[in-house]
Amino acid sequence: MTTYWRRVAGLPGWLKAVMLGQLVSAAGALAWIYLTLYLVGDRGMTPQYAGFAAAAYGVGLLGGNLGGGWVGDRFGLRTAAVGSQLTWAAACLAMPVAPTAGLAVLAAIAGLCGGASRPNLSALVATAMPADRRREGIALSRTASNAGFTIGPPLGGLLAAYDFSLVFVVDAVSSLVLAVVVWRWVPAAKRTVVRQASGVWRALRQDRATLVLLGAIVVVDTAYRQLFATMPLLLRDAGSPAVAYGVLIGLSSVVIVLLEAPLAVRLAGHQALHVVAGGFVLVGVGLAVLGVWPALAGAAVAVAVITGGEMLYKPTATAHVADAAPEGMVGRYSSLYAAASISGMFLAPALGGTAYERVPGLLYPAAAVLALGAAAALLLVWRATPSAGERDALPSGSTARPSSGS
């Protein structure tokens, strides 16, 4: 661990600044956590229409994750990241004063802007870091955000109790802090523009391993997010208090903050798809535990195992997709990954809720099978790739590629 902290101390100053900016931004990301409560309590909406507005935000979030990288590749990753933070801040400030009739549209715009920031920031870190430290850089970026998320919700609750408008102001200010940090400290790399609109799809058709990885991420994210979609119902029906679920999820975040980045350093010499597949396996095992032990103790074991899987696959897959991107397409590849990695936000509640209502005993075993099947598919496609043997000696993240950042 001492060696790890020495590595952190030796990181480029711009990355330390970005991590601090991400922590501040994540701690201030309050407005949309409390959106439904605000719309019902302060703006007088019915729960149904507040739900529609929240859904509009979700649709915008997916669109931003999917399309943000296209903007980053065209105009520069750094410019796109800063622009998305600025427009997000403007949307936050507009929410308390916008007419009620326009709130759903404003929520969709906010989601679009907020979603666009994520792939561009990931691509910035991936392309500006040395090739052999990209996984570490992504993990540290996630660590900073997760640390902020542990601070934000309680802070938002206190502000909302005093004046809900302050929630939006704090969110806007924290986003402006990150925008200034990115613009002031992140290095501007040489930008390569690929003009063919269909180039990314053509590249993906020629890169079966990345295509399968993106599909596997959709499957695993849908299974993984049963922790948030249906596990609260499972614990309620098992007689556990709601606070027990909150404690489990909070402890999971603390573990990620403390261990994810050191783990990425320790596994930097391992082949990326092997690490990702190992993470998928742990997610599957954790879900299987929930299937055979649907109680608070079983949930504690499951969350611990699934958190281990999350720490393995999320930073590694993010860096690997950026590594796999052809020159000038890092933003677009990162956008495709970002969209795949939040697909479970929409699929998990719908599929999991239906399964929990009709066949509750099959939900978690089925989710476990999906995660394990995704791991098997990833390993099979890796073995079928002609250069797989060569990559055993050259892990993802070790092959230098000219940066195509902002």
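Summary of values
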quantity	calculated
Close pairs (7 angstrom Cβ cut-off, 6 or more residues apart or separate chains): among the basic types (Lys, Arg) in region 69-95, assigned to a helix (DSSP H, G or I) and open to solvent by less than 10 Å² (accessible area, probe 1.4 Å) anywhere	Arg78/Leu124; Arg78/Val182
Residue in region 369-387 that is open to solvent by 30 Å² or more (accessible area, probe 1.4 Å), part of a helix (DSSP H, G or I), charged (D, E, K, R) and modelled with pLDDT under 90 present	yes
Test for Leu106: is it in a helix (DSSP H, G or I), more than 21 Å from the chain's Cα centre (by Cα) and modelled with pLDDT of 85 or more	yes
Residue check, Gly69 surrounded by 20 or more Cβ atoms within 10 Å (Cβ to Cβ) and at positive phi	no
Residue match in region 91-100 (condition: within 24 Å of the chain's Cα centre (by Cα) and either part of a helix (DSSP H, G or I) or within 27 Å of Val181 (Cα to Cα) (or both))	yes
Filter result for Thr222 (surrounded by 21 or more Cβ atoms within 10 Å (Cβ to Cβ), touching a residue at least 12 places away in the same chain (Cβ under 8 Å) and more than 30 Å from Val200 (Cα to Cα))	no
Neighbours by Cβ (under 7 Å, 6+ apart or cross-chain): first from region 169-188, under 19 Å from Ala80 (Cβ atoms); second surrounded by fewer than 20 Cβ atoms within 10 Å (Cβ to Cβ) and aromatic (Phe, Trp, Tyr)	Trp185/Trp14; Val186/Trp14; Pro187/Trp14
Only one of Gly67, Gly76, Gly51 that is farther than 18 Å from Gly328 by Cβ and not polar (S, T, N, Q)	Gly51
Number of positions in region 123-141 that are open to solvent by 30 Å² or more (accessible area, probe 1.4 Å) and either at pLDDT 85 or above or of a type in the set (Lys, Arg) (or both)	1
Counted residues, region 329-362 - those being surrounded by fewer than 24 Cβ atoms within 10 Å (Cβ to Cβ), of a type outside the set (S, T, N, Q) and part of a loop (DSSP other than H, G, I, E, B)	2
Residue count for region 142-187, restricted to those that are at pLDDT below 85 and open to solvent by 70 Å² or more (accessible area, probe 1.4 Å)	6
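Yes/no per residue for (1) under 17 Å from Gly137 (Cβ atoms); (2) part of a helix (DSSP H, G or I); (3) of a type in the set (Asp, Glu); (4) at pLDDT 90 or above:
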residue: Trp5; (1), (2), (3), (4): yes, yes, no, no
residue: Val8; (1), (2), (3), (4): yes, yes, no, no
residue: Ala31; (1), (2), (3), (4): no, no, no, no
residue: Gly44; (1), (2), (3), (4): no, no, no, no
residue: Tyr49; (1), (2), (3), (4): no, yes, no, no
residue: Val59; (1), (2), (3), (4): no, yes, no, no
residue: Gly63; (1), (2), (3), (4): no, yes, no, yes
residue: Thr79; (1), (2), (3), (4): no, yes, no, yes
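The values are calculated or read from the model by the stated rules, or taken from the named source; none is laboratory data. In this text the structure is predicted, and so the values were computed from the model without any measurement. We place every Cβ from the backbone using ideal geometry, glycine too, and count neighbours over all the protein chains shown. Ligands, DNA and RNA are stripped out before the accessible areas are found, and what is left, the full protein with its side chains, is counted by its heavy atoms. Shrake-Rupley method; radii C 1.70, N 1.55, O 1.52, S 1.80 Å.
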